[in-house]
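Take a look at the structure set out below.
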Amino acid sequence: MRRRKRQGWHRYVNLVTIGATLTVLFVLLPLYWMISSSLKGPSDIGSASALPQHVSGINYSSAFVHSGFGHYIVNSVIVAVCTTALVLALGTMAGYALGRLPMRAKLPTMVVLLMISVFPAIAVIAPLFLLMKTIGWLNSYQALIVPYTAFNLPFAVWILRNYMLGIPREMEETARIDGAGPFTTLWRIIIPQARPGLFTAGIFTFTACWTEFLMALSFNSDNSYRTIPVGIALFGSQFTIPYGTIFAASTAAAVPIAILVLVFRRSVVSGLTAGAVKG
């Protein structure tokens, strides 16, 4: 019986390994094809070969020199960094209040935040566009920073609140005995302990801002304020589609996100699993 149980367990592990391998291949193969195609010349871009016959940087030159892709990166960095900073600042205080301080209507507040986090952005594009037009914010950085902050803040509050629930209350009580107020306790005690949660919320917010397309296309029609997704989408013309340039720009846009995930992968996993039992 024990041998049968062990054999059954090994079969289960093998199936899980095979499934995980297929999932990784399913995710990595398109990325590999994109990178490989970005290094192909104009004559090889339509070939089915997995490797470029002649490695060429003409697609990157076309993206950054002729298409102004570098300016789109600067715009995306400004919008994503400002939004992430606002979301972390507001989300930290909200998460601390909802997770550590005595207050009324905590559950209804969390339910409302959850509803906002799953609300489709396309449903509010038209009223937001009219609002931006009325206050004169079209074709500006704040036209994206403010809506991005509003849509990403609820998810950040949920992550930070769940992570702060796992911090021992004895540390907070000791700070209060020493005379520290709520803001001093938050800054010196809670935030250093909640760094994995901050990294997780920050990376998710940065990624969401970096890849958002609909609001960026609707609110900023001026080429001076376009971000990466809109810039890549408008590379083509009526009769031609520069696939090589699009592949090169997409590869360059994916590099910052890949670096962030690789550097902070442990903090991201810790932040996502924190509060899974207590929350």
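The values are calculated or read from the model by the stated rules, or taken from the named source; none is laboratory data. Because the structure is a prediction, the values reported are computed rather than measured. All Cβ positions, glycine included, derive from the backbone under ideal geometry; neighbour counts span all protein chains shown.
So PHE119 ticks every box in (1) in a helix (DSSP H, G or I); (2) modelled with pLDDT under 85; (3) of a type in the set (Phe, Trp, Tyr) but one. Which box is left unticked?
Among (1) in a helix (DSSP H, G or I); (2) modelled with pLDDT under 85; (3) of a type in the set (Phe, Trp, Tyr), PHE119 violates only (1).
Test THR174 against the stated conditions and say whether it is without any contact (Cβ under 8 Å) to a residue 12 or more places away in the chain, of a type in the set (S, T, N, Q) and either more than 29 Å from PHE219 (Cβ to Cβ) or surrounded by 15 or more Cβ atoms within 10 Å (Cβ to Cβ) (or both).
When the stated conditions are applied, THR174 passes them.
State yes or no: is ARG100 surrounded by 17 or more Cβ atoms within 10 Å (Cβ to Cβ), at pLDDT below 90 and among the basic types (Lys, Arg)?
Spelling it out, ARG100 is indeed surrounded by 17 or more Cβ atoms within 10 Å (Cβ to Cβ), at pLDDT below 90 and among the basic types (Lys, Arg).
Search region 57-85 for residues that are at positive phi and pair each with any residue that is part of a helix (DSSP H, G or I) when their beta-carbon atoms are under 8 Å apart and the residues are at least 6 apart or on different chains.
GLY68/ASN223; GLY68/GLY231
Could you list all residues from region 132-191 that are closer than 21 Å to LEU88 by Cα and charged (D, E, K, R)?
Within region 132-191, ARG161, GLU172, ARG188 meet the criteria.
Is it true that some residue in region 154-165 is farther than 30 Å from HIS71 by Cβ and of a type in the set (Val, Ile, Thr)?
Yes, the conditions are met somewhere in region 154-165.
Would you say LEU86 is aliphatic (A, V, I, L, M) and at pLDDT below 90?
no
If you take the residues in region 37-57 that are surrounded by 15 or more Cβ atoms within 10 Å (Cβ to Cβ) and out of contact with any helix residue (DSSP H, G or I) (no Cβ under 7 Å at 6 or more places or on another chain), which one is nearest to PRO196 (Cα to Cα)?
LEU39
With the checklist (1) over 22 Å from ARG226 (Cα atoms); (2) in contact with a Leu (Cβ under 7 Å, 6 or more places away or on another chain); (3) of a type in the set (A, V, I, L, M, F, W, C) in hand, flag the one item ILE122 doesn't pass.
Failing condition for ILE122: (1).
Do you know which residues across region 216-265 are free of Cβ contacts under 8 Å to residues at least 40 places away in the same chain and of a type in the set (D, E, K, R)?
ARG265
Could you say which residue among PRO256, PRO154 is assigned to a helix (DSSP H, G or I) and closer than 22 Å to SER62 by Cα?
Only one candidate qualifies: PRO256.
Mind checking whether some residue in region 136-145 is in contact (Cβ under 8 Å) with a residue 60 or more places away in the chain, aliphatic (A, V, I, L, M) and within 19 Å of GLY197 (Cα to Cα)?
For region 136-145, residues in contact (Cβ under 8 Å) with a residue 60 or more places away in the chain, aliphatic (A, V, I, L, M) and within 19 Å of GLY197 (Cα to Cα): absent.
Name the residue, out of PRO196, PRO154, that is modelled with pLDDT of 85 or more and under 18 Å from the mean Cα position of the chain (by Cα).
It is PRO154.
Spot the failing condition for THR273; the list is (1) at pLDDT 85 or above; (2) surrounded by 12 or more Cβ atoms within 10 Å (Cβ to Cβ), and only one is missed.
(1)
Take the residues in region 105-142 that are of a type in the set (Phe, Trp, Tyr) and either more than 23 Å from the chain's Cα centre (by Cα) or loosely packed, with under 10 Cβ neighbours inside 10 Å (or both), then tell me which one is nearest to PHE213 (Cα to Cα).
PHE129
Identify, from the list ARG176, ARG188, ARG169, the residue that is over 18 Å from ALA150 (Cα atoms), modelled with pLDDT under 90, touching a Ser or Thr at 6+ places or on another chain (Cβ under 8 Å) and of a type outside the set (A, V, I, L, M, F, W, C).
Only one candidate passes the filter, namely ARG176.
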